[in-house]
Amino acid sequence: MLTEFEVRRRIEAIRSSHAAPMRQARMLLRLGRSLKCQFRMLSHAKAQVARTGDRNASAGIGRMTQRMKLLHEDVRDEALRALTDEDRHRDR
């Protein structure tokens, strides 16, 4: 499972790479797909824990799920930014 630190580090590495903007967007979207998979896995775990009645564990997993969703949105925003950069380079 990717941590927020690892995701942010990968985003920065991709954005600072010399790859073409389209390639950067693809790499970012691939990272986003792995986050989406983790989000689904955490959502499933939250549902299972909720059935046990452990509210603390359910709340913790709920926070992790929310952070994963926000990270996924950040990655998608970065991919869009990379594509916007490509449009700017093309217009020159």
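Readers should treat all values here as calculations from the given coordinates under stated rules, not as data from a laboratory. The structure presented is a predicted model; accordingly, all values stated were derived computationally and were not measured. Cβ atoms come from the backbone with ideal geometry, glycine included; neighbour counts cover every protein chain shown.
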I need the full set of residues from segment 70-82 which are surrounded by 15 or more Cβ atoms within 10 Å (Cβ to Cβ), farther than 14 Å from Glu4 by Cβ and not charged (D, E, K, R), in order please.
Ala79, Ala82
Search segment 4-26 for residues that are acidic (Asp, Glu) and pair each with any residue that is in a helix (DSSP H, G or I) and loosely packed, with under 13 Cβ neighbours inside 10 Å when their beta-carbon atoms are under 6 Å apart and the residues are at least 6 apart or on different chains.
none
Which listed residue, of Arg26, Arg67, Arg51, is over 10 Å from the mean Cα position of the chain (by Cα) and surrounded by 12 or more Cβ atoms within 10 Å (Cβ to Cβ):
Arg26
Is it the case that some residue within segment 11-22 is in a helix (DSSP H, G or I), of a type in the set (Asp, Glu) and surrounded by fewer than 15 Cβ atoms within 10 Å (Cβ to Cβ)?
yes
Across segment 29-45, what is the total count of residues that are buried (at least 18 other Cβ atoms within 10 Å of the Cβ), closer than 18 Å to Gly62 by Cβ and within 8 Å of the chain's Cα centre (by Cα)?
1
Looking at the structure I just gave you, is Leu42 in contact (Cβ under 8 Å) with a residue 12 or more places away in the chain and assigned to a helix (DSSP H, G or I)?
yes
